[in-house]
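The structure appears below as structure tokens.
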Amino acid sequence: MAFKTTFKAAALGTVAAVALAGTALADGEGLAFSPLSLDIPALKGLSEGVKHVGGDMGYDVIVLDPKFDATQQQQQLLQLIETGRIKAAWVISVNPGSMGGVIEAAQNNGAVLVVNGVPGEYGFDGMIPGVTFANIDYTAFGGEAGKLAAQCANDALGGTGQALLIQSTEGTAGKAEIDAAMEAELAAGAPGVTVVQTIITAERAESLNKVSQVLQAHPDINVVISAHDEGGLGALGAFEAAGKEIPCLIDMGGNDEVLASVESGTMYGAVALNFGADLMATFDAVKTMLADPAADGRQQSVPLDVKTRP
């Protein structure tokens, strides 16, 4: 879920324009970016963003590709830290629970880390020196989508309606929190809206087919919330194919096609993870920690962007 959003060139421009005065890296030292895998398009795009912005700021950026292998991720990072090639790393951990050796090596060598998640996932009770944790608040993510749907139902449908929820597949990061929050906020904000169907999809064509089937059983559906772009766009195609309007279609993800649909008014709204702002916050955290590696890092959350049609 966290990586459905495309890292846009516009975000790069925004981040690059931010002046973070001076870096604490000496000549010949660098910063590593270690995502889950560069096979994920959004993370490949994010890696380009890290190289672009980090290079402009004077960092020697090294991009790693552990290919979903926790052991390989640890070995790659340990080699760079222990040889002194890097003094900072941004890590999207394949397995947070097995990152203890990397964290220890970083602290012993005066390096700093930004890692995904919260301290408890790494076995810590709270914040620790030289490590910033960057979390996705999945409850807030799903909740914002539910709030948008309720807002649309109240504004466009008089507070009543029939809703379809499109959920992500089992095993998707944050699924339980997102599903619960989107439904709870819809119910709280528009109690007159009834959820008549819930489906699980992964791909656009699958979403189109399943939504088309749902419309045969529930032709009066007028509220749709999708936990991912493929679901939102597939739903839009299904309603168009059926010759029906969908007044309240809410998407979570916010790729370029979705945002264009919101701008044109064919979708009511979208909730997106703002990886551009997250990148800016990450470099700021690195700069702050390098100034005092013995100080505790901080807890960050990936910012959310909420868009509605004009």
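The values are calculated or read from the model by the stated rules, or taken from the named source; none is laboratory data. Just so we're clear, the structure is a prediction, and the values are computed from it rather than from any experiment. Quick reminder, even Gly has a Cβ in these numbers, built from the backbone with ideal geometry, and neighbours come from all protein chains shown.
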Handout entry: Meets criteria (in the same structural domain as GLN167 (by TED's automatic domain parsing), within 22 Å of the chain's Cα centre (by Cα) and either closer than 21 Å to LYS175 by Cα or not in a loop (DSSP other than H, G, I, E, B) (or both)) for ALA188
Key = no
Problem - Cβ-Cβ under 7 Å pairs, at least 6 apart or on other chains, the stretch 225-242 side under 12 Å from ILE200 (Cα atoms), far side assigned to a loop (DSSP other than H, G, I, E, B) and among the basic types (Lys, Arg) - result: HIS228/LYS4
Practice task
Determine, yes or no, whether GLY120 is free of Cβ contacts under 8 Å to residues at least 24 places away in the same chain, out of contact with any helix residue (DSSP H, G or I) (no Cβ under 6 Å at 6 or more places or on another chain) and closer than 18 Å to GLN300 by Cβ.
Solution key: yes
Fill in the blank from the handout: From the option list GLY84, GLY97, GLY30, GLY55, single residue qualifying as surrounded by fewer than 18 Cβ atoms within 10 Å (Cβ to Cβ), on the phi > 0 side of the Ramachandran plot and among the small types (Gly, Ala, Ser) is GLY84
Handout entry: Any hit, the stretch 213-225, residues being closer than 30 Å to SER47 by Cβ and small (Gly, Ala, Ser)
Key = no
Handout entry: Residues located in the stretch 197-242, provided they are surrounded by fewer than 20 Cβ atoms within 10 Å (Cβ to Cβ), part of a helix (DSSP H, G or I) and under 21 Å from the mean Cα position of the chain (by Cα)
Key = ARG204
Completion exercise
Of those in the stretch 152-181 that are without any contact (Cβ under 8 Å) to a residue 60 or more places away in the chain and not small (Gly, Ala, Ser), the residue surrounded by the fewest Cβ atoms within 10 Å (Cβ to Cβ) is GLU170
